[in-house]
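K.L.:
Could you have a look at this structure, given as structure tokens, before my questions?
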């Protein structure tokens, strides 16, 4: 399956995005031929974490959320990490950016605590998804159905629970990004 000619955005928070949930999906879509743009609150450097508390590697933020639009991309990856996801969902521009992918019917892959951004963007209602277990109540309260599965696909939305699910998550996001837009993706937006 090839993603040649596709451009995928991946979010990163300053000091808080879970490193394997950033690195492995990014590599998977790049290996499939996509161009990946790292989007954050500001350009410069962002330090990832491991197990939410341990400092990880530092990555370059290619574009500030202020300088991009969902229309610039073919899909979006939202890694987890409770601190990173919480920082991102607190920024209105990031939340609007995420919501626009649903309005534009583009595929989105989200793992671990990343669904907090979906709740904040109000795109969970009527959807079935998974996440880190502590996010399940937030998903239900936002009108979604939470299931405890390795990977869940719902009309262009791919979700997984934690880093152990990364092989299945990475395979599924490549597949969904290759398929392109999903007309029912906007149903919750």
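The values are calculated or read from the model by the stated rules, or taken from the named source; none is laboratory data. Just so you know, these numbers come straight off a predicted model, no measurement behind them. With ideal geometry, Cβ positions are generated from the backbone for all residues, glycine too; neighbour counts draw on all protein chains shown.
K.L.:
Kindly establish whether residue 84 is part of a helix (DSSP H, G or I), in contact with a helix residue (DSSP H, G or I) (Cβ under 9 Å, 6 or more places away or on another chain) and either at pLDDT 95 or above or surrounded by 15 or more Cβ atoms within 10 Å (Cβ to Cβ) (or both).
P.N.:
Considered against the rule, which asks whether it is part of a helix (DSSP H, G or I), in contact with a helix residue (DSSP H, G or I) (Cβ under 9 Å, 6 or more places away or on another chain) and either at pLDDT 95 or above or surrounded by 15 or more Cβ atoms within 10 Å (Cβ to Cβ) (or both), residue 84 comes out as yes.
K.L.:
Can you give me the number of residues within region 140-189 that are more than 13 Å from residue 130 (Cβ to Cβ) and in a helix (DSSP H, G or I)?
P.N.:
Count: 19.
K.L.:
Quick check on region 144-189: of everything there that is out of contact with any helix residue (DSSP H, G or I) (no Cβ under 9 Å at 6 or more places or on another chain) and modelled with pLDDT under 95, which residue is farthest from residue 119 (Cα to Cα)?
P.N.:
179
K.L.:
Still on this structure, please answer the following. Out of all the residues in region 32-47, which are within 20 Å of residue 90 (Cα to Cα) and not in a strand (DSSP E or B)?
P.N.:
Matches in region 32-47: 41, 42, 43.
K.L.:
Next question. Only residues that are surrounded by 16 or more Cβ atoms within 10 Å (Cβ to Cβ) and out of contact with any helix residue (DSSP H, G or I) (no Cβ under 8 Å at 6 or more places or on another chain): list them for region 49-63, please.
P.N.:
Of everything in region 49-63, those that are surrounded by 16 or more Cβ atoms within 10 Å (Cβ to Cβ) and out of contact with any helix residue (DSSP H, G or I) (no Cβ under 8 Å at 6 or more places or on another chain) turn out to be 61, 62.
K.L.:
For residue 76, all conditions in the list (1) out of contact with any helix residue (DSSP H, G or I) (no Cβ under 6 Å at 6 or more places or on another chain); (2) buried (at least 23 other Cβ atoms within 10 Å of the Cβ); (3) not in a helix (DSSP H, G or I) hold save one; what is the number of the exception?
P.N.:
Unmet condition: (1).
K.L.:
Might you let me know whether region 76-89 holds any residue that is out of contact with any strand residue (DSSP E or B) (no Cβ under 8 Å at 6 or more places or on another chain) and over 22 Å from residue 37 (Cβ atoms)?
P.N.:
Checking region 76-89: at least one residue is out of contact with any strand residue (DSSP E or B) (no Cβ under 8 Å at 6 or more places or on another chain) and over 22 Å from residue 37 (Cβ atoms).
K.L.:
Please enumerate the residues belonging to region 90-116 that are in a helix (DSSP H, G or I) and either modelled with pLDDT under 95 or touching a strand residue (DSSP E or B) at 6+ places or on another chain (Cβ under 8 Å) (or both).
P.N.:
94, 97, 98, 101, 102, 115
K.L.:
Being under 18 Å from residue 65 (Cβ atoms), free of Cβ contacts under 8 Å to residues at least 60 places away in the same chain and crowded, with 24+ Cβ neighbours inside 10 Å narrows it down to one residue among 158, 110, 123; which is it?
P.N.:
That would be 110, the only listed residue that is under 18 Å from residue 65 (Cβ atoms), free of Cβ contacts under 8 Å to residues at least 60 places away in the same chain and crowded, with 24+ Cβ neighbours inside 10 Å.
K.L.:
Moving on to the next point. Restrict the check to region 48-62 and report whether at least one residue is part of a loop (DSSP other than H, G, I, E, B) and within 22 Å of residue 157 (Cβ to Cβ).
P.N.:
No: region 48-62 contains no residue that is part of a loop (DSSP other than H, G, I, E, B) and within 22 Å of residue 157 (Cβ to Cβ).
K.L.:
Same structure again: For residue 66, indicate whether it is more than 17 Å from residue 176 (Cα to Cα) and surrounded by 14 or more Cβ atoms within 10 Å (Cβ to Cβ).
P.N.:
Here the answer is no, as residue 66 does not meet what is asked.
K.L.:
Residues 148, 165: which one is surrounded by fewer than 23 Cβ atoms within 10 Å (Cβ to Cβ) and more than 22 Å from residue 26 (Cβ to Cβ)?
P.N.:
Going through 148, 165 in turn, just one is surrounded by fewer than 23 Cβ atoms within 10 Å (Cβ to Cβ) and more than 22 Å from residue 26 (Cβ to Cβ): 148.
K.L.:
Evaluate the following for residue 26: is it assigned to a helix (DSSP H, G or I) and closer than 27 Å to residue 181 by Cα?
P.N.:
Yes: the conditions hold for residue 26.
K.L.:
I've got another one for you. Of all residues in region 7-35, count the ones that are touching a strand residue (DSSP E or B) at 6+ places or on another chain (Cβ under 7 Å), touching a residue at least 12 places away in the same chain (Cβ under 8 Å) and surrounded by fewer than 20 Cβ atoms within 10 Å (Cβ to Cβ).
P.N.:
Result for region 7-35: 4.
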